[in-house]
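J.: Please read through the structure below; I'll follow up with questions.
Coordinate-derived values only; no laboratory data. Computed from a predicted structure; not experimentally measured. For neighbour counting, all protein chains shown are included, and Cβ atoms are generated from backbone atoms with ideal geometry for every residue, glycine included.
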Amino acid sequence: EAQVTQNPRYLITVTGKKLTVTCSQNMNHEYMSWYRQDPGLGLRQIYYSMNVEVTDKGDVPEGYKVSRKEKRNFPLILESPSPNQTSLYFCASTRGDEAFFGQGTRLTVV
Amino acid sequence: SQQGEEDPQALSIQEGENATMNCSYKTSINNLQWYRQNSGRGLVHLILIRSNEREKHSGRLRVTLDTSKKSSSLLITASRAADTASYFCGRSGAGSYQLTFGKGTKLSVIP
């Protein structure tokens, strides 16, 4: 089954404690991206990757890092999380013009 | 980025009625896609319309695109309670896979 898998689904962490949200897709897509969704602000793109070792900033990249060492994985790294990064995060993988989204990771930073 | 918005922000209708939601954008697009999101879950692709198309249908969905007005509309006919969700339009520019979304329209279909 074609899917985008994010882990964890829920995470509560403390300010400053580094964390990684993993994203994996089994569709051999080249393009992957990360979004955050906040009430009243909709979905905003954090980072995207056109292919292995090719990443670029989206609209709200501050405080985040990504890597793309292999095609299927695109982890999102928060080196020093802060409360304003509390949000619902989505990874997406794109084939042609259609994006496939993961189920989301709800992150709370206290 | 392709800034734009969906409207209305919220829409409540009775089951069986039609639901129409709109999407506006500010710069040229390559295509426009509509997605659905059930509460707190990932977005699911519904339908795509390219910049050279004016209308597309898929089941109970009808999408129109007016590039002169930089707007699109999504019509859901004969709505069902299961259509209750948030709907987003995603815009991508020429030669880009980068999708920009607005804040969405929250649709409630009352049984």
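J.: Once all Cα-Cα distances of the protein assembly as shown are split into 5 Å bins that start at 0, what whole-number percent is in each one?
T.: Per 5 Å bin, starting at zero, the Cα-Cα P(r) for the protein assembly as shown comes out as 1, 7, 15, 19, 19, 16, 12, 7, 3, 1, 0 percent.
J.: For B:TYR97, A:TYR47, what ranking results if the residue with the fewest other Cβ atoms within 10 Å of its Cβ goes first? Walk me through the intermediate numbers first.
T.: Numbers: B:TYR97 20, A:TYR47 23.
Sorted ascending by nearby Cβ count, the order is B:TYR97, A:TYR47.
J.: Longer than 32 Å from Cα to Cα, which of A:LYS17/A:LYS69; A:LYS57/B:LYS106; A:LYS71/B:LYS103; A:LYS69/B:LYS26; A:LYS57/B:LYS69 are they? Say none if no pair is. Don't jump to the answer; show the numbers that get you there.
T.: Numbers: A:LYS17/A:LYS69 23 Å; A:LYS57/B:LYS106 29 Å; A:LYS71/B:LYS103 30 Å; A:LYS69/B:LYS26 35 Å; A:LYS57/B:LYS69 29 Å.
With Cα atoms farther than 32 Å apart: A:LYS69/B:LYS26.
J.: Which is farthest toward the positive dipole end of chain B among B:SER58, B:PHE101, B:CYS23, measuring Cα position about the Cα centre, with Cβ charges +1 (Lys, Arg) and -1 (Asp, Glu)?
T.: Value computed over the given set: B:PHE101.
J.: Then there is this: Mind sorting A:VAL4, B:VAL44 by how few other Cβ atoms lie within 10 Å of their own Cβ, fewest first? Before the final figure, lay out each step's value.
T.: Numbers: A:VAL4 23, B:VAL44 13.
Result, fewest neighbours first: B:VAL44, A:VAL4.
J.: On alpha carbon coordinates alone, what is the Rg over Rh value for chain A, Rh being the Kirkwood radius? Display every interim value, and only then the final one.
T.: Numbers: Rg = 13.0 Å, Rh = 13.8 Å.
Rg divided by Rh gives 0.94.
J.: With a cut-off of 13 Å, note down the residues of region B:43-68 whose backbone N falls inside the zone around a label point 7 Å from the Cα of B:THR20 toward its beta carbon.
T.: Under cut-off, by backbone N: B:62-65.
J.: Using the Kirkwood radius built from alpha carbon pairs, what does the Stokes-Einstein equation give as D for chain B at 10 °C and 1.306 mPa s, in µm² per second? Don't skip to the end; give the middle numbers.
T.: Numbers: Rh = 13.9 Å.
Value of D from the Cα-based Kirkwood radius: 115 µm²/s.
J.: A further question follows. For each of A:HIS29, B:HIS45, count neighbouring Cβ atoms within 10 Å of the residue's Cβ, then give the residues from fewest to most.
T.: Details: A:HIS29 22, B:HIS45 16.
So the ranking, lowest neighbour count to highest, is B:HIS45, A:HIS29.
J.: Still on this structure, I have one more. Considering the zone a paramagnetic label at B:ALA81 would reach in this model (a point 7 Å from Cα along the Cα-to-Cβ line), which residues of region B:89-111 have amide N under 13 Å from it?
T.: B:109-111
J.: Given region A:55-110, report the % of alpha carbon pairs whose separation exceeds 16 Å.
T.: Details: 790 of 1540 pairs.
That fraction is 51 percent.
J.: Estimate the FRET efficiency between B:LEU61 and A:MET27 by the formula 1/(1 + (r/R0)^6), using the beta-carbon distance for r and 35 Å for R0, to the nearest 0.05.
T.: Working: r = 24 Å, r/R0 = 0.68.
It comes out at approximately 0.90.
J.: Sticking with this one: Would you please give the FRET efficiency between A:ASN73 and B:SER96, computed as 1/(1 + (r/R0)^6) with r the Cβ-Cβ distance and R0 = 25 Å, to the nearest 0.05? It would help to have the intermediate numbers written out before the result.
T.: Working: r = 23 Å, r/R0 = 0.91.
Step by step, r from the Cβ atoms, then E = 0.65.
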